[in-house]
Amino acid sequence: MISSRGLGIALAFICLVAAPACSRRDKPVVTPQPAPVAEAPPPVTPPPPPPRGAQRVEDLQPAPLSEDSVSNRSLDELNRDSPLRPAFFPLDSSDLDDSGRSVVTSNVEVLKKYPQWVVTIEGHCDERGTAEYNLALGERRASAVKTYMVSLGIAPDRLRTVSYGKEFPFDPAHSEDAWSKNRRAHFVITAK
């Protein structure tokens, strides 16, 4: 026979163990909402985004131009089949090598034929490096190209610069071949 004291201890133990389980109620799950991110104001005249997807460097040759084809084409059409070729850069550099200077010189000749054109020079990088580093490097690349174009006779007010860092690769692959295509100054005609 169980004594009343033993029974009391057993009941106290059961209450102690079972009470929290009985009083437990499912609480609603509240998922915290992220705070809204403040956005910077857009640039005054944003250039159209560069082409996306893999392209071969050989496919980036300028389209032949005739006076009729230029006057009848929209900016989108001119940029889709651009007579301006991208200039490529060595790894971690904003210096134009001989090949880059040759491309920019050819682009200057096109711009001299069309003195009403305004061009945005976009600085791009490969995916390696931090976003901040690549934005700064892209800006140095675009500025280096602008400086060279001005030295060849293009008025500075016809040239704008912007850096996209690593955001818009020509080739999204993760290889040296792809990265070499992504280290570039890309030219966008923004007014004609």
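Nothing in this text is a laboratory measurement; each read-out follows from the coordinates by a stated rule. All values derive from a computational prediction rather than experimental measurement. A quick note on method: Cβ atoms are made from the backbone with ideal geometry, for glycine too, and the neighbour counts reach across all protein chains shown.
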**Report entry** Search result, residues across the stretch 83-115 that are basic (K, R) and farther than 19 Å from D177 by Cα
**Finding:** R101, K112, K113
**Report entry** Residues satisfying the stated conditions in the stretch 99-112, i.e. surrounded by fewer than 18 Cβ atoms within 10 Å (Cβ to Cβ) and free of Cβ contacts under 8 Å to residues at least 40 places away in the same chain
**Finding:** S99, S102, E109
**Report entry** Members of the stretch 174-192 that are surrounded by fewer than 18 Cβ atoms within 10 Å (Cβ to Cβ) and over 17 Å from Q116 (Cα atoms)
**Finding:** H174, S175, E176, D177, A178, S180
Query raised in the report: Looking at the stretch 139-174, which of the residues that are more than 18 Å from the chain's Cα centre (by Cα) and among the polar types (S, T, N, Q) is nearest to I121 (Cα to Cα)?
Result: T147
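Before we move on, is D95 surrounded by fewer than 18 Cβ atoms within 10 Å (Cβ to Cβ), in contact (Cβ under 8 Å) with a residue 24 or more places away in the chain and of a type in the set (D, E, K, R)?
When the stated conditions are applied, D95 passes them.
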Report summary line: Here the residues within the stretch 127-173 that are outside any helix (DSSP H, G or I), buried (at least 17 other Cβ atoms within 10 Å of the Cβ) and among the small types (G, A, S) are S163, G165
